[in-house]
Amino acid sequence: MILACQNIQKSFGLQPILKNASFHIEEREKTAIVGINGAGKSTLLKILVGELPPDSGQVVVSRGKTLGYLAQHQDLDSRQSIYEELLDAKRDILAMEERIRSLEQEMKALEGEALTEKLELYSRLSHEFELQNGYAYKSEIIGVLKGLGFVPEDFDKPVSTLSGGQKTRVSLGKLLLTRPDIILLDEPTNHLDMSSITWLETYLSNYEGAVIIVAHDRYFLNKIVTKIVEIDQGEVQVFLGNYWDYSQKKAQLREARLHAWMNQQREIRHQEAVIEKLRSFNREKSIRRAESREKMLDKIQRVEKPTEASAEMHLTLEPEILSGADVLSVTNLSKSFGSLSLFSGLDFSIKRGERVALIGNNGTGKTTILKIINGLVPQDTGTIRLGSRVKIGYYDQEHQVLHMEKTLFEEISDAYPRLSNTRIRSTLAAFLFTGDDVFKRIGDLSGGERGRVSLAKLMLSEANFLILDEPTNHLDIISKEILENALNCYTGTVLYVSHDRYFINTTCTRILDLHEKKLTGYLGTYDYYLEKKEELALSNSGSLAPSDSATPPSEGRMDWKQQKEEQARQRKQENDLKRAEARILELEEREREIDELMTREEVYTNVARCMELNAEKQTLTALLEEQYEIWEALAQ
């Protein structure tokens, strides 16, 4: 055990944030702290590193162990360059290197016993220098800088000229290079693009120390962590496994608690009915019996009703009208800003019902493409054609479509003047704005609150083509899952930009990858996109073999290539098989639901409803037959 949290309590005013929080961290363990926004995750991190005192309880760190902490927001006040700032993390190495060079000069003028002593010291220092990777510290710094998305041209930029996100990346790099025994990271992926996040995943997975992470990036957590510490209404509970394991166990626990609560409520109602009946007899014995039962009922330890998993935000997306089959056609699209060319000659189209994710590194022009489609930014060349009856709903990550000077109520009522006051208030309440909250100015809201207002406007738009720019930014995990469910149930068309790989994996049907100013399309989820990228990389590496020799490749080289191709094929087949099995289970479950519905009196006496359900069941039967054939073919 390297760190222990013992009965930590913390309140702000009358609001308890942590109640008797206890857990421990083992050496090399990778742990995530999860919970909704405001649950106390960042507060717990600050208590762990000693920035904030607990009201009671203690944090125990093993003797001699060091902690390194990265807060969400960094404001580095430094006149040094980016490279020099990271070089500061290697001060001990630099001092040791200087001492070794000094000893080398001293030994030139020594002999005898004095030289022997210096040689022994020189040998010890050189050995320690090697153990601390002293001979490769420059390449280590450059590797971290490149991994976090800095190019060599950035290395000499003054830190003072950087944006907040860039300063956070510099602070993260500096922290990683100090190599503390325990790293504590608060939302480390917020300012990283996909390639940098992938690099950080690998780095942290292989890190020799312990890591404690607060993050809303579920894909990131799945890759790294082996333990989840959940904060729910001040209570702390520990789950072993990654985020997926936690979400499954959490659902099972909630279901068990709900059953326990329902059973207890049933028993309480039964006892209350018996007590009432006994009292109605109005006899001395029956009243005594009733009083005895009341005492027993008072002694029961009440089970609290579990909170609804999706009780936070209510989001339903439904188009007003159906668009044509062709929703968007983009031809020969190009855009530059001055001498900076973002992309050129882009061609793509989107059909009705598709959910398309536009991905790529920061600065490649993804948001610019969305703004061009929305008419907010002019293109240099190319044509944008919208299909018939297409109505766009736009979600802007910078929330420029919101009016900062308006109140929430005015923002909705001005955009949708036909809505009644009651409808406006109920809509805002569905997005957690109740009472006097509706009279807050948009400009006074946090990023997450503005995001909820934008989602409320999007829901009311009843658009059939949603264009979303980083829709999950500032949303907690539960809110992200609500948005995912809403998009998956949406019958219109979606084009979005996102760095949230879990969100992409859950919602998209096609990926457009913007890389080196060109677009490449991939059908399927993010996992499938990664498989195809790996296959393409393998095929490209094979094609790069020297072609100026008539000598055929060695048998061993061919065996290795065939082996990798076979592994890739098997992985794809296994994933396809899992998807087919999941689809079969989904269809069978719906069939069972229809059978159960048909037994209800209010359904089987309704001819129109019966016909509707019967038609749906016939469709399900055909789809099931098709899925069984697919499954059998894959299984063989």
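The table for this structure:
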| quantity | calculated |
| --- | --- |
| Charge sum, other residues only, whose C-beta stays under 14 Å from GLU318's C-beta, Lys/Arg counted +1 and Asp/Glu -1 | -1 |
| Protection proxy ranking, peptides 168-178, 511-521, average beta carbon neighbours within 10 Å, highest first | 168-178, 511-521 |
| Full-extension gain in nm, GLU272 to ILE384, via 0.36 nm per residue minus C-alpha separation | 33.5 nm |
| FRET efficiency, GLU84 to GLN132 (Cβ-Cβ, R0 22 Å, nearest 0.05) | 0.65 |
| Helix axis angle, 607-635 relative to the chain longest principal axis, alpha carbon, degrees | 30 |
| Distance in nm between pseudo-label sites at LYS295 and ARG254 (7 Å out along the Cβ direction from Cα) | 4.1 |
| Extension gain (nm, one decimal) between ARG101 and TRP261, 0.36 nm per residue minus Cα-Cα | 50.4 nm |
| Label zone at THR520, where the point sits 7 Å out along the Cα-to-Cβ direction: the stretch 358-396 residues whose backbone N lies under 15 Å | 359-361 |
| Simple spin-label estimate for GLN618 and LYS65 in nanometres, 7 Å along Cα-Cβ | 6.6 |
| Euclidean distance of C-alpha centroids, the stretch 304-373 and the stretch 408-433, integer Å | 26 |
| Theoretical FRET efficiency, 1/(1+(r/R0)^6), r = Cβ-Cβ of ASP527 and GLU26, R0 30 Å, to 0.05 | 0.50 |
| Sites SER195 and LEU110, calculated FRET efficiency, Cβ-Cβ separation with R0 45 Å, nearest 0.05 | 0.30 |
| For the stretch 83-161, the fraction of alpha-carbon pairs in successive 5 Å shells from zero, as % | 3, 14, 20, 16, 13, 11, 9, 6, 5, 3, 1, 0 |
| Estimated inter-spin distance, GLU208 and ASN421, nm [label 7 Å along Cα→Cβ] | 6.8 |
| Helical mean residue ellipticity (222 nm; -39500 (n - 2.57) per DSSP H run of 4+; nearest 500) of the chain | -16000 deg cm²/dmol |
| Long-range amide H partners of GLU27 with built H, under 5 Å | ILE2 |
| Label point at VAL238 placed 7 Å out along Cα→Cβ; residues across the stretch 1-28 whose backbone nitrogen lies under 17 Å | 1-9, 19-28 |
| Sorted peptide list for 353-363, 401-411, 258-268, criterion being average Cβ within 10 angstrom, highest first | 353-363, 401-411, 258-268 |
| Once the Cα gyration tensor of the stretch 326-536 is diagonalised, semi-axes √(5λ) in Å | 31, 19, 16 |
| Distance violations [Cα-Cα > 27 Å] among LYS41/LYS174; LYS65/LYS227; LYS167/LYS518; LYS249/LYS295 | LYS167/LYS518; LYS249/LYS295 |
| Cα-Cα pairs of the chain separated by more than 40 Å (percent) | 45 |
| Local electrostatic count at CYS610 - Lys and Arg +1, Asp and Glu -1, tallied over other residues with Cβ under 15 Å | -4 |
| Extension reserve of the ARG288-LYS118 stretch, reckoned as 0.36 nm per residue once the Cα distance is removed | 51.6 nm |
| Whole-angstrom gap from the stretch 14-74 to the stretch 163-238, using each part's C-alpha centre | 14 |
| Considering only the chain, percent of DSSP beta bridges that pair antiparallel, nearest 5 | 55 |
| 20 Å reach of a label modelled at THR434, 7 Å along Cα-to-Cβ, counting backbone N of the stretch 311-355 | 311-316 |
| Using alpha-carbon coordinates, inclination of helix 555-597 to the longest axis of the chain, degrees | 20 |
| Order by protection proxy (mean Cβ within 10 Å, highest first), peptides 111-124, 11-24 | 11-24, 111-124 |
| Positive minus negative residues near LEU115 (Lys, Arg vs Asp, Glu; Cβ under 11 Å) | -3 |
| 0 to 90° range, to nearest 10: angle between helix 447-461 axis and the chain longest Cα axis | 50 |
| Sorted by Cβ density within 10 Å, fewest first, the residues VAL211, VAL330 | VAL330, VAL211 |
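No lab work stands behind these numbers, since they all come straight from the coordinates. Since the structure is predicted, the reported quantities are computational estimates derived from the model, not experimental observations. Glycine gets a Cβ as well: all are built from the backbone with ideal geometry, and neighbour counts include every protein chain shown.
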